[in-house]
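Visitor: This is the structure I have questions about; it appears just below.
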Amino acid sequence: MTHKPKTKIAIIGSTGSIGLSALDVIREHKNRFEIIALAAGSNAERLKLQIDEFKPRFAALSDENAALQLEKKCSNIEFRAGEEGVASLCEIDDVDIVLVSVVGIAGLEPALKTLRAGKRLAIATKEVFVAAGQLILDEAKKYNAEILPVDSEHCAIFQCMQAAGALKNKSVERLILTASGGPFFGKKYDELKNVTPMQALAHPTWDMGSKISIDSATLMNKGLEVIEARWLFDVPAEQIDVVIHPQSIIHSLVDFCDGAAIAQMSNPDMRMPILYAFTFPERAPLKMPSLDLAKIGNLTFFNPDCNVFPCLKLAYAALKEGGIVPAVLNAANEIAVQKFLDGKINFIEIPSHIEKKMEKCNNIAKPTLKDIIAADKWAREIE
Ligand code: MG
């Protein structure tokens, strides 16, 4: 029997929630995958444990001091430091797939480097598409590189399209992204005035990092996902809908021109979209409890309330405006979320902080990468 060579993987963001799930997947499939490189932000302690277990040939931390300290404790490994050091891991010859799972705009450079190296980009960082969707697509085309979505909704849509043989034809009528609704689903606007970061971080169905948890609570996460879907599937905003589905069992659906809708379901677990992005077009087994619909009992659906959660509306508006506005929305949101987490603004002030910056910016119709980076910086610095 001949053995297939192992798929060689680099993980940019290995100590975060998606990175940990990815390492779980790889642990379960040691004969199929090999870790070549691991990178993280500043969590040296966790990265050290991962290096000891997976023995990558390369590692990096974007925090340069933490990188220096950790390098002293590791042997037989090439260590790199700083944002550039992290991004350079995406270009290693041997690597087949790069998983980019860092938070926010920090994922842009690693994503571009991966595509320019012609490698498969498994992307969990939706902010990259929000800020620079068109550029990402252009680079993927130019360098003939594949993009596989790791966001559960986009992985679901990708699978529905595959199942329908619809990735390259025009039979798609609508994409319907499901949203859990977050911890404040069903609340009135006034009830959100005094919610604390702790309450906002307590997500009902998914266990995630703090930035995305707050985004889920404001529904900005779904707004960012609408923009992500627009680019990933080349479907205009008018044909992308959002429905609240608190059980997080249906991960999204595609509505076709003949009235058929195809949905993808599973228990909420990020390992599945990660594994699919690694093995596509094949499927590989995963130790997961099978879906017990009778036990779940009810699957319910509601329209989102944009008066209570204006962030969703802002994301649609940014997509309609185009140019640098989505990049401004994204950066302004990152800043507002951090301010809320630091106790500097209230939960309900998050959308107005973002809207103010969107209104203030001078839009550029066809922004270059430089324009986008400048817009991102501008939106972080202004008050
Ligand atoms: Mg998602």
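Visitor: Condition test on Gly186, is it small (Gly, Ala, Ser), assigned by TED's automatic domain parsing to the domain that holds Phe301 and free of Cβ contacts under 8 Å to residues at least 24 places away in the same chain?
Guide: yes
Visitor: Is it the case that Val103 is touching a helix residue (DSSP H, G or I) at 6+ places or on another chain (Cβ under 6 Å), in contact (Cβ under 8 Å) with a residue 60 or more places away in the chain, open to solvent by 20 Å² or more (accessible area, probe 1.4 Å) and within 17 Å of Leu61 (Cα to Cα)?
Guide: yes
Visitor: Take the range 182-192 and flag every residue that is farther than 23 Å from Ala331 by Cα and assigned to a loop (DSSP other than H, G, I, E, B).
Guide: Answer for the range 182-192, where residues must be farther than 23 Å from Ala331 by Cα and assigned to a loop (DSSP other than H, G, I, E, B): Pro183, Phe184, Phe185, Gly186, Lys187, Lys188.
Visitor: Take Ser252 and decide whether it is under 24 Å from Leu329 (Cβ atoms), under 17 Å from the mean Cα position of the chain (by Cα), small (Gly, Ala, Ser) and away from the ligand (no atom under 14 Å from the Cβ).
Guide: Here the answer is no, as Ser252 does not meet what is asked.
Visitor: Would you point out which residue out of Ile348, Ile354 is under 22 Å from the mean Cα position of the chain (by Cα) and not charged (D, E, K, R)?
Guide: Of the residues listed, the single one that is under 22 Å from the mean Cα position of the chain (by Cα) and not charged (D, E, K, R) is Ile354.
Visitor: If you don't mind, another one. For the range 147-160, does any single residue satisfy the condition of being at pLDDT below 95 and within 13 Å of the ligand (Cβ to nearest atom)?
Guide: For the range 147-160, residues at pLDDT below 95 and within 13 Å of the ligand (Cβ to nearest atom): present.
Visitor: Exactly one condition in (1) among the hydrophobic types (A, V, I, L, M, F, W, C); (2) assigned to a helix (DSSP H, G or I); (3) in contact with a Leu (Cβ under 7 Å, 6 or more places away or on another chain); (4) open to solvent by 50 Å² or more (accessible area, probe 1.4 Å) is false for Ile262; which is it?
Guide: It is condition (2) that Ile262 fails.
Visitor: Further, regarding this structure: Please enumerate the residues belonging to the range 35-53 that are open to solvent by less than 30 Å² (accessible area, probe 1.4 Å) and among the hydrophobic types (A, V, I, L, M, F, W, C).
Guide: If the condition is that a residue be open to solvent by less than 30 Å² (accessible area, probe 1.4 Å) and among the hydrophobic types (A, V, I, L, M, F, W, C), then Ile35, Ile36, Ala37, Leu38, Ala39, Ala40, Ala44, Leu47, Ile51 are the ones that fit.
Visitor: Further question: Suppose we filter Asn267, Asn169 for residues that are more than 16 Å from the ligand (Cβ to nearest atom) and either more than 18 Å from the chain's Cα centre (by Cα) or in contact (Cβ under 8 Å) with a residue 60 or more places away in the chain (or both); which single one remains?
Guide: Only one candidate qualifies: Asn169.
The values are calculated or read from the model by the stated rules, or taken from the named source; none is laboratory data. This one's a predicted model, so the numbers in the text were calculated from it and none came from an experiment. Please note: Cβ atoms are built from the backbone with ideal geometry, for glycine as well, and neighbour counts cover all protein chains shown. Please note that ligands, DNA and RNA were not included when accessible areas were found on the heavy atoms of the full protein model with its side chains. Shrake-Rupley method; radii C 1.70, N 1.55, O 1.52, S 1.80 Å.
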